[in-house]
Amino acid sequence: MSQPTPLHKVSHRLRRLTPGAGARGLAWLSATCLSLLLAGCSFKQPQSTLDPHGLVSRDQLSLFYITVWVSLFIFICVGGTMAYAVWKFRERPGDENKPMPEQGHGNPLIEIGLITASIALLVIIAVPTLKAIFLTDALPTNQPYWQPSLLGSWYKKAGGTLPDLATNEPLTITVRGKQWWWAFDYSQFGVTTSNEFVIPAGKVVKFDLRSDNVIHSFWLPKIAGKVDLIPGRANWMWMMADDGKVATDYDHGTMAADQYENGLYYGQCAQYCGESHAFMLFRTRVVSDEDFAKWIAQAQQPVFPPGYQAPAGGTDPKKSPKDLSAQAWADFVQNALKNPASLTTPEQKGAALFFGRATCILCHTINGSSAQGTLGPNLSLVASRTALASGFLDNLDNDGKKIDPARQKQNFVKWISQSYDVKPGNLMWHPATPGAPSLSGIVATNAANHTPITDEDWHNIAAFLMTLK
Ligand code: HEC
Ligand SMILES: [Cu+2]
């Protein structure tokens, strides 16, 4: 048996001398930990609902704060009264033999008063709640304030051309929840993109939310709330990203004019939807009217094969750009089969692999080409996206300001050669054996002539993907 050392005795005595020391130390420790923890709570986080940049999210935040203040008020009243009573009527020395105080059984005045107060507090919460429900539930189109949101009244002014369609409607985007990525259709413009979409600032945008597999949830916290995508059900929501120019006469708080300094917002699927659910992210770029019109025009362009040169005598004026690109791709693929040595650049070699041996064409669309697969994202603009694999691999430079081409290329190679490692469970090259470390073997066995895909091939395909912007 060990005897207590002198040091033990001293510390023991010290502790007895200062009975509050332990508790005080604990209080200091918790305060330090708490302040460290709270220091991490910046309102400026990419997905913080406390830093709204849209009309719907701002409305929801003010509702949240009203609820918080009312609850805090109730907490202080009830908790304060209880603390006061516990302290004031506590047992004191010598109270042991006193009789029990007289027990009360209800006081009509207090009871009715409390019921009335509760009703009043609930009404304080209910009125803005109902207002918020009405706000989100009806697509705003008929008040004068919303007129600028109708397609016809602004898109043409922004320099864009509109096909013959209902210009009295706001911009409408159909969101399709996939496992585990997002497709975005701008059907008014015949444009489809994936994983990253572009909207004009200060305009009402309607989102039709669809899923043909499981339930997903579309959530862009800084701009709007979240709504589920349910198979067999036509859900929708609307949102409007801030724009200083139109904000002046609106009463849902103040709107800052600095919204497009970066204009990039982060969203994600907020409903568990399977193996890769946690990686089902997306991004939104909020741009000016002019930039939106430019983006649509760019997205409507068909893609031509790398190194394509128009015939010397000029192209047939009767042919549309889509006809021309279709012909150009047909020629390119023919030539790649017959005369592979004529492919000189990495981009051309990559394109030939994409349409041939690597079988990417089975699942992906490239506008204007024979690649029309829809199992995977539309890749026509893939190199203009700030991220890859539904927001997972970041292509931005260290400042987060612009796309870093070196990093983007690295991400392309990593994704196409090891997508299963990057995003476990994703449905691109889903291996027969779960957990297969590398996918090149699968590509090789899928490939028409069983030639393995080499490292150089992956780099060539990545070089081709880099041209899709
Ligand atoms: C079996 C169908 C299939 C094949 C074949 C296929 N992909 Fe995919 N691809 C997908 C799916 C599904 C996704 C979405 C994966 C995810 O994010 O969960 C995807 C995602 C991608 C992305 C990311 C797109 C984005 O928006 O970030 C790229 C790039 C890509 N594929 C390139 C290729 C290339 C190159 C090939 C050929 C080597 C190829 N894919 C073959 C189905 C396929
Ligand atoms: Cu999902």
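The values are calculated or read from the model by the stated rules, or taken from the named source; none is laboratory data. In this text the structure is predicted, and so the values were computed from the model without any measurement. In this analysis, Cβ positions are derived from the backbone assuming ideal geometry, glycine residues included, and neighbour counts consider all displayed protein chains.
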Please determine whether any residue of the range 212-219 is in contact with a strand residue (DSSP E or B) (Cβ under 6 Å, 6 or more places away or on another chain), within 30 Å of K469 (Cβ to Cβ), among the aromatic types (F, W, Y) and not assigned by TED's automatic domain parsing to the domain that holds N378.
yes
Condition first: more than 14 Å from ligand 1 (Cβ to nearest atom), surrounded by fewer than 21 Cβ atoms within 10 Å (Cβ to Cβ) and in contact (Cβ under 8 Å) with a residue 12 or more places away in the chain. Now tell me which residues in the range 267-283 satisfy that.
A270, Q271
Residues being in a helix (DSSP H, G or I) and surrounded by fewer than 21 Cβ atoms within 10 Å (Cβ to Cβ) - total across the range 355-376
2
Taking into account only those residues within the range 237-277 that are hydroxyl-bearing (S, T, Y) and at pLDDT below 50, which is nearest to ligand 2 (Cβ to nearest atom)?
Y260
Looking across the range 198-231 at residues that are more than 16 Å from ligand 2 (Cβ to nearest atom) and more than 19 Å from S288 (Cβ to Cβ), the single one that is modelled with the lowest pLDDT is G225
Would you say S48 is of a type outside the set (A, V, I, L, M) and either part of a strand (DSSP E or B) or closer than 20 Å to V227 by Cβ (or both)?
yes
Taking A352 as the residue in question, decide whether it is modelled with pLDDT under 90, under 17 Å from A463 (Cβ atoms) and either surrounded by fewer than 21 Cβ atoms within 10 Å (Cβ to Cβ) or not charged (D, E, K, R) (or both).
no
Of all residues in the range 200-223 being of a type in the set (A, V, I, L, M) and touching a helix residue (DSSP H, G or I) at 6+ places or on another chain (Cβ under 7 Å), the one that is surrounded by the fewest Cβ atoms within 10 Å (Cβ to Cβ)
V204
What's the total number of residues in the range 228-242 that are outside any loop (DSSP other than H, G, I, E, B) and under 15 Å from Q271 (Cβ atoms)?
4
Testing S380 on (1) within 24 Å of the chain's Cα centre (by Cα); (2) part of a loop (DSSP other than H, G, I, E, B); (3) more than 9 Å from ligand 1 (Cβ to nearest atom); (4) surrounded by fewer than 22 Cβ atoms within 10 Å (Cβ to Cβ), one condition comes back false. Which one is that?
(4)
Taking the stated definitions as given, is G159 away from ligand 1 (no atom under 16 Å from the Cβ), over 15 Å from the mean Cα position of the chain (by Cα), surrounded by fewer than 19 Cβ atoms within 10 Å (Cβ to Cβ) and outside the structural domain of T365 (by TED's automatic domain parsing)?
yes
